[in-house]
1. Run down the lysines and flag those whose C-alpha is under 30 Å from the C-alpha of K82, throwing out any fewer than 8 positions away in its chain.
2. Excluding ligands, DNA and RNA, what is the solvent-accessible area per residue of region 46-100 at a probe of 1.4 Å, expressed in Å²?
3. Relative contact order, percent, of region 63-134 when contacts are C-alpha pairs under 8 Å separated by at least 6 residues?
4. Relative to the first principal axis of the alpha-carbon coordinates of the chain, what is the inclination of helix 274-302, with its axis defined by its Cα atoms, in degrees from 0 to 90 and to the nearest 10?
5. Which longest uninterrupted range of the chain lacks any trypsin sites (Lys or Arg not before Pro) assigned by DSSP to a loop state (not H, G, I, E or B) and surrounded by at most 13 other Cβ atoms within 10 Å?
6. Rounded to the nearest 10 degrees, what's the angle between the helix 48-57 long axis and the longest principal axis of the chain, both from Cα atoms, 0 to 90?
7. Could you check which residue among P254, P127, P275 shows the biggest mean-square fluctuation in a GNM of the chain with a 10 Å Cα cutoff?
8. Which far-off residues, 5 or more places away or on another chain, put their amide H under 5 Å from the one on G81, with H placed in the peptide plane?
Amino acid sequence: MLRIAINRGISAAILIFIASVFSFILIAAFPGNVAALIAELRGGFVSQEIVNQVATEYRLNDPLVLRYGYWLSDVVQGDLGKSLRTGEEVSGALAKRIEPTAVLIAGGGAVALLVSFTLAFCGAMWPGTLIDRFTRRAALVNISIPKFFLAALLIYAFGVVMHVLPTFGFRGPASWILPSIAIGVVPGALLSRVARVSLEEVMSRPFVITAMSKGFGRRRILFRDALPNIVPIVLTAFGMDLAFMAQSALIIEPIFAWQGLGTYFVEAARFRDLPVLQSCLLIFSILFIVVNLAVDLIVMAINPLQRRPGRV
């Protein structure tokens, strides 16, 4: 298992390196004169002399490979540069904005698990009944709802009409509920289909038939025998959903006025703040890779089949 874990870690490190290359190239290939853009964002009169000074300061005239090497060296040391719009250190700004995004992803993950297991187990408990058909249709409806539309409905229902939950700002646990629901319902509906299909496959296996012939109830078989068999599959799908929630933060955070990484990225894109865009792209890529690596290691720890010598 240790050898497989080391191999997975090396693969993740290579992917992070590749992600850093793409994060750098996407910004380096920004259309137009980047030096003139930076000079304009600093304000004041922009002359050719100032543009040349900016190009020298940011090493824009150096070969692309050298510029990447300088940038990667700074990133490894924790220096992500300064925001062109505010002048503050990007690393410090990211540190202040990580908490709202982390809370949003964690809350969305909890909602996704709750929705998925509720729909999947209700359908599996009473297959072919009205409850089963309702859970299938509920999952389909939830999958079809855009996240921004669901967020708007939640704000209108719980904030405007009923006035029971805050809809603006990151102001404690009560303000976490609606954003978590908005970001977690759709992944939960998708995950419920994975769990439901897996439960159907497990419930048709010979050991389940044997357990039923011995008089064990369906509920006991579902929770004691079927659940452990679907955990690796569901956990793998959940890891993908959790990583994609980081991208969904770009939509949900501005709607609820959360000052997280998603809002920071949107503001940077609006004002063409290149160092912030570059840093956010790298952070989101690393988050995606690390989450999937963690899920792989967890699945490998709980599933003996993943620890077979032939797997890498």
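The values are calculated or read from the model by the stated rules, or taken from the named source; none is laboratory data. Just so you know, these numbers come straight off a predicted model, no measurement behind them. Don't worry about glycine lacking a Cβ; one is built from the backbone with ideal geometry, like all the others, and counts go over all protein chains shown. We work out accessible area using only protein heavy atoms, side chains counted, and drop any ligands, DNA or RNA first. Shrake-Rupley method; radii C 1.70, N 1.55, O 1.52, S 1.80 Å.
1. K96
2. Values: 3500 Å² over 55 residues.
Here the per-residue accessible area is 64 Å².
3. 12
4. 30
5. Answer - 60-170.
6. Helix 48-57 and the main axis of the chain meet at about 50 degrees.
7. Result for the chain, Cα springs under 10 Å: P127 fluctuates most.
8. Those qualifying (amide H under 5 Å, at least 5 residues apart or on another chain) are V90, S91.
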